[in-house]
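Q: Take this structure, written in structure tokens, and hold onto it; I'll ask about it next.
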Amino acid sequence: MATIHDIGQAQRAHSPAAVLAIGTANPVTSMLQDEYADYYFRVTKSEHLTGLKDKLNRICNKSGIKKRFMHVNEQLLTAHPDLIDRALPTLDARIDMASAAVPELAASAAAKAIAEWGRPATDITHLIFSTYSGAKAPSADLRLATLLGLRPTVCRTILNLNGCSGGGRALQLAKEIAENNRGARVLVACSELTLVAFYGAQDASLDTIVGQGLFGDGAGVAIVGADPVVVERPLFEMAFATQTTIPGTEDAISMQLSTGGLDFHLSSQVPKLLGNNIERVLVDAFQSLGVVDVNAAAPWNDLFYAVHPGGRAILDLIEQVLGLDAEKLAPSRQVLSEFGNMSGATVIFVLDELRRRRAEAEEVPEWGVVMAFGPGITVETMVLHAASSLKENGLASI
Ligand SMILES: CC(=O)CC(=O)SCCNC(=O)CCNC(=O)[C@H](O)C(C)(C)COP(=O)(O)OP(=O)(O)OC[C@H]1O[C@@H](n2cnc3c(N)ncnc32)[C@H](O)[C@@H]1OP(=O)(O)O
């Protein structure tokens, strides 16, 4: 007769979980950063606020962003002019629109990931959906499951308002599910639209101006599983994961739904707070693993990095504090430049860019790390091992 221990053991995977495929998608409308302030103040009928427009221009110039993709375009604002005024009760309208558009964008990214994965969508056993646009049930996770034709037995989890750390949290949950449910295949979907938080600048909120300079729309999907079968080609094996909250920073990054949409706050101290704490977080993650000598003179250049590009200043400080060579954060800077900060989805875009670059590089580090930052301030950290199939898979799948 089987014991409870036997039953438990039979459910555990044999190998660590791995990212098996990645897909990304963006809305069709793109905006060039050096034209954005003119566009924004024109479509929100705020051109008289010349001081704020100059500030947004200064932020755009220093953002490290060239282009962003946006669901909210001029056509949508013409149809829904109330969205411009934060004082109007537009939350219902925003949620209605987001409830359709957020899972649809995720479905576009998921279709690419599933095609790369090489197995039918019905083999997905678990779905984790992360978004800051959720405010109803059933939610975007169920809609995505329906759009993809997943089985009715798929186990769904929705993460709401985890903000920019949502991608990191979802990947960690996927690792835990995959390693504790033999044969599980977890579809991680992060889909973020600034629609819920798009306002004009009439209330003179500096958070609105900074957000208008940084945030973009996108969806990133990763399929995660352990014990790969023949058709599957692992990209990154997930070695270890941890979450850290930086003490006393509860008010530094925050989000709250109001009748007018989603309010958020970004303290100007965020880059410094992350810079002051990043090395401690890395030491804590790596010191027990024995893959990097955390006491060596410059240990951090031995790793590859998928860091959430929350803003150019954050990447600059991390690079400086860790003494990183310029190419280490190049995938993060590339994604920031091409797409802006897409909140929780961004880190999946960075993993995609990283595997692309690794496929073309001669020598690449074996070990690396994902780091994502969100309200808390929460730092999600995951140690990765580059799978041996990454080289051929990186190129074959692009
Ligand atoms: C939402 C989530 O869950 C997680 C996230 O990713 S949160 C987003 C995290 N990102 C950030 O916090 C942004 C990080 N900041 C940056 O990257 C940079 O500060 C920046 C690109 C915004 C500006 O670049 P910079 O090199 O700092 O230029 P700097 O000249 O100091 O600032 C430009 C202007 O922006 C203002 N500014 C910068 N950060 C600000 C903030 N958080 N709030 C208000 N104003 C800000 C500055 O005061 C300055 O204004 P003036 O030109 O009028 O003096």
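The values are calculated or read from the model by the stated rules, or taken from the named source; none is laboratory data. Predicted model, so just to flag it, every value in this text is computed and none were measured. All Cβ positions, even for glycine, are placed from backbone atoms using ideal geometry, and neighbour counts span all protein chains on display. Surface areas here come from the heavy atoms of the whole protein model, side chains and all, with no ligands, DNA or RNA. Shrake-Rupley method; radii C 1.70, N 1.55, O 1.52, S 1.80 Å.
Q: Which residues, counting only those in segment 266-300, are in contact with a helix residue (DSSP H, G or I) (Cβ under 7 Å, 6 or more places away or on another chain), crowded, with 17+ Cβ neighbours inside 10 Å and not aliphatic (A, V, I, L, M)?
A: Those that are in contact with a helix residue (DSSP H, G or I) (Cβ under 7 Å, 6 or more places away or on another chain), crowded, with 17+ Cβ neighbours inside 10 Å and not aliphatic (A, V, I, L, M): Pro271, Gly275, Trp300.
Q: Read through the list (1) farther than 20 Å from Gln172 by Cβ; (2) at pLDDT below 95, then give the number of the only condition that Ala386 fails.
A: It fails just one condition, (1).
One line per residue, one yes/no per condition, for (1) aliphatic (A, V, I, L, M); (2) within 16 Å of the ligand (Cβ to nearest atom); (3) crowded, with 24+ Cβ neighbours inside 10 Å:
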position	(1), (2), (3)
Ser205	no, yes, no
Val210	yes, yes, no
Val229	yes, no, no
Glu237	no, no, no
Phe240	no, no, no
Ala252	yes, yes, no
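Q: Does segment 330-353 hold any residues that are hydrophobic (A, V, I, L, M, F, W, C), surrounded by 22 or more Cβ atoms within 10 Å (Cβ to Cβ) and without any contact (Cβ under 8 Å) to a residue 40 or more places away in the chain, and which are they? Break it down into steps so the answer makes sense when it comes.
A: Within segment 330-353, the first condition is being hydrophobic (A, V, I, L, M, F, W, C), and the residues that meet it are 330, 335-336, 339, 342, 345, 347-351.
Subsequent filtering for residues that are surrounded by 22 or more Cβ atoms within 10 Å (Cβ to Cβ) retains 335-336, 339, 342, 345, 347-351.
Listed by number, the list holds a single entry, Val335.
Q: Among the numbered criteria (1) open to solvent by less than 20 Å² (accessible area, probe 1.4 Å); (2) modelled with pLDDT under 95, which single criterion is violated by Phe373?
A: That leaves (2) as the condition not met.
Q: Shifting gears a bit: Among the residues of segment 216-227, is any assigned to a loop (DSSP other than H, G, I, E, B), modelled with pLDDT of 95 or more and surrounded by fewer than 24 Cβ atoms within 10 Å (Cβ to Cβ)?
A: Taking segment 216-227 as the starting set, the residues that turn out to be assigned to a loop (DSSP other than H, G, I, E, B) are 216-217, 226-227.
Add one more test, that the residue is modelled with pLDDT of 95 or more, and what stays is 216-217, 226-227.
Narrowing the set further to residues that are surrounded by fewer than 24 Cβ atoms within 10 Å (Cβ to Cβ) leaves 227.
Yes: segment 216-227 contains one or more residues that are assigned to a loop (DSSP other than H, G, I, E, B), modelled with pLDDT of 95 or more and surrounded by fewer than 24 Cβ atoms within 10 Å (Cβ to Cβ).
Q: Return yes when Ala201 is part of a loop (DSSP other than H, G, I, E, B), crowded, with 19+ Cβ neighbours inside 10 Å and either aliphatic (A, V, I, L, M) or within 16 Å of the ligand (Cβ to nearest atom) (or both) and no when it is not.
A: In short, yes.
Yes/no per residue for (1) over 21 Å from the mean Cα position of the chain (by Cα); (2) away from the ligand (no atom under 16 Å from the Cβ); (3) surrounded by 23 or more Cβ atoms within 10 Å (Cβ to Cβ); (4) assigned to a strand (DSSP E or B):
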position: Ala106; (1), (2), (3), (4): no, yes, yes, no
position: Arg143; (1), (2), (3), (4): no, yes, no, no
position: Ile158; (1), (2), (3), (4): no, yes, no, yes
position: Gly168; (1), (2), (3), (4): no, no, yes, no
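Q: Need at least 3 residues that are among the polar types (S, T, N, Q) and either within 15 Å of the ligand (Cβ to nearest atom) or out of contact with any strand residue (DSSP E or B) (no Cβ under 8 Å at 6 or more places or on another chain) (or both) per element, so show me which helices (runs of 4 or more DSSP H) inside segment 296-398 make the cut, counting only ones lying wholly within it.
A: Counting at least 3 such residues, we get 330-339.
Q: Which pairs turn up if I take residues in segment 40-63 that are at positive phi and look for partners that are more than 8 Å from the ligand (Cβ to nearest atom) with beta carbon separation below 8 Å, at least 6 apart in sequence or on another chain?
A: Lys45/Ile84; Lys45/Gly200
Q: Any residue at all in segment 115-128 that's assigned to a helix (DSSP H, G or I), over 20 Å from Val307 (Cα atoms), open to solvent by 50 Å² or more (accessible area, probe 1.4 Å) and of a type in the set (Gly, Ala, Ser)?
A: So far as segment 115-128 goes, yes, one or more of its residues are assigned to a helix (DSSP H, G or I), over 20 Å from Val307 (Cα atoms), open to solvent by 50 Å² or more (accessible area, probe 1.4 Å) and of a type in the set (Gly, Ala, Ser).
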